[in-house]
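Heads up: the structure comes next, in C-alpha cells.
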Amino acid sequence: MLTGQRVNDNNSYVRINRINYRGRTKQSGRSAGQVARWCTIFSQECRRRGIRLTAQRLAIYRALASDATHPTADAIYAALREEVSGLSRATVYRMLESLQLGGFVRRVSTVDGIARYDANLVPHQHLVCRQCRSILDTGGEWLRPPELPRRGPAGFIPEMLDLCIIGICARCRRSGERRRDAN
C-alpha cells in the first residue's frame, strides 16, 4: 500500500503485507505445502549443480517462495535478520542476484524500478498497480502472450517473455470511487 510517508529505512513508500516465513501463511503467502515442494526442488537442484546449500541461501529462497507479494531484497532482509544469524543486507542482495542468474528466481518488472523477486517460475505475467505498487500473478485464458520465435535477430535465442501489465487494482479503484462519491 502506498503510504505517503516513509515506512522503513530504505526510503520505501510502499507497505507490503508480511507473512510468517516459518510455513504459516497470511493472505499474501503461498501454501506451506507449495513452499515445501519448491524448497525441496531448490535443494535438489543446488546439489545437482554442485551449489553449496547454506542455511542463509535456503532461508532467503524459502522467504521468497513464501511471499507472493514479490518482495524486495530489503523486505526479505527485514523479515529474516532476527532469525538468521550473521545475515547482512549485502548477503541478501548478492544471494538474490545469484539465484536470479542461476534461474532459481526471476526479477519482476515494476513501475518504480525497484528490484522485486518471484520464486514462481511457472510461465505467468504480472499485473502492477501504478497507485499502490502491488504486483499480482496472472495468466490463463484472458491473456495469451505471443509465442516466442526459436531465433531472433542477429542469432538471439529468446528464453522467456516478461510481460508486465500496468494499471489500477480493484482496491485502488474502489478507494478512488469512494473518494469521488464523498465529494
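No value in this document is a laboratory result; all are computed from the given coordinates. Bear in mind the structure is a predicted one, so any value in this text is a computation, not a measurement. Ideal geometry is used to build each Cβ from the backbone, glycine not excepted, and the neighbour counts take in all protein chains shown.
Listing S31, S43, S66 from the residue with the fewest other Cβ atoms within 10 Å to the one with the most, what is the order? Before the final figure, lay out each step's value.
On the way: S31 11, S43 15, S66 26.
Ranking S31, S43, S66 by Cβ neighbours within 10 Å, fewest first, gives S31, S43, S66.
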Rounded to 5, percent antiparallel among DSSP beta bridges of the range 32-182: 65
L101-A115 pseudo-label distance in nm [points 7 Å out on the Cα-to-Cβ vector]: 1.0
Projected label distance in nm at R151 and I41, using a 7 Å step from Cα toward the beta-carbon: 3.1
Rounded D (µm²/s) - the range 32-182, Kirkwood Rh over Cα pairs, Stokes-Einstein at 20 °C, 1.002 mPa s: 123
Zone residues, the range 121-139, relative to I168, backbone N less than 19 Å from point 7 Å out along Cα-to-Cβ: 127-136
Among 53-60, 167-174, 127-134, the order from most to least packed when residues are scored by Cβ within 10 Å on average: 127-134, 53-60, 167-174
Listed peptides 100-108, 156-164 by packing density, highest first (mean Cβ within 10 Å): 100-108, 156-164
Rounded to whole Hz, the Karplus (6.51, -1.76, 1.60) HN-Hα couplings of the range 109-116, x for glycine and proline: 5, 9, 7, 10, x, 7, 5, 10
